[in-house]
Structures are given as C-alpha cells and as structure tokens.
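Novice: Below is a structure I'd like to ask you about.
The values are calculated or read from the model by the stated rules, or taken from the named source; none is laboratory data. Computed from a prediction, not measured in an experiment: that's the story for all the values here. No Cβ is skipped: glycine too gets one built from the backbone with ideal geometry, and neighbour counts run over all protein chains shown. Surface areas here come from the heavy atoms of the whole protein model, side chains and all, with no ligands, DNA or RNA. Shrake-Rupley method; radii C 1.70, N 1.55, O 1.52, S 1.80 Å.
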Amino acid sequence: MNRPIRTAPSPRTELQQELQEAARALRRAYDRFNYVCEAELVEASVYEINALQARYNYLLRAAKGQASSGAAEDGGASCR
C-alpha cells in the first residue's frame, strides 16, 4: 500500500496554529470571567486573561514579522 508521506508542519503553519489556540484559550478565559462570582476567582480570571492576551499579542507580532520578512529559518524559536 502507498501511504501518504507526512511532513513536519512549517514554522508558519505552527505559528498560525498556536495563534488560533491562543485565541480560543482567550475566549474561554473571558467566558469563565463572565461566570465567576467569588472575588478570588475574578482576580484569577483577570490574571489569566492578561497572561493569555500577552501571549496572543506576542504570537500575532511574530506572525506579522514572518509575513513581512518571509518564513523564518528557525521559526523564531530561539531567545536572543
């Protein structure tokens, strides 16, 4: 049988998938925020939303950077 050859997703595809997952996580965090009543849970939700928003913004900047400069060789995985 001929099986299709699976290739690793490109850094651009991985980044887009991470961005979509971050957006879904952010929506879920906002949904939780809208339903909690306890002061501690409200505070925890605010921290979670802020952290997820920071991650989403980072991924969005990275995606825009890849789009403007072409596909990055290492996918931006290293810290400088």
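Novice: When segment 4-56 is examined, which residues are found to be of a type outside the set (D, E, K, R), open to solvent by 70 Å² or more (accessible area, probe 1.4 Å) and touching a residue at least 24 places away in the same chain (Cβ under 8 Å)?
Specialist: Within segment 4-56, just Gln16 meets the criteria.
Novice: Scan Arg55, Arg3 and give me the residue that is at pLDDT below 95 and among the charged types (D, E, K, R).
Specialist: Only one candidate qualifies: Arg3.
Novice: Hey, Ser68 hits all of (1) modelled with pLDDT under 95; (2) surrounded by 14 or more Cβ atoms within 10 Å (Cβ to Cβ) but one; which does it fall short on?
Specialist: For Ser68, the failing item is (2).
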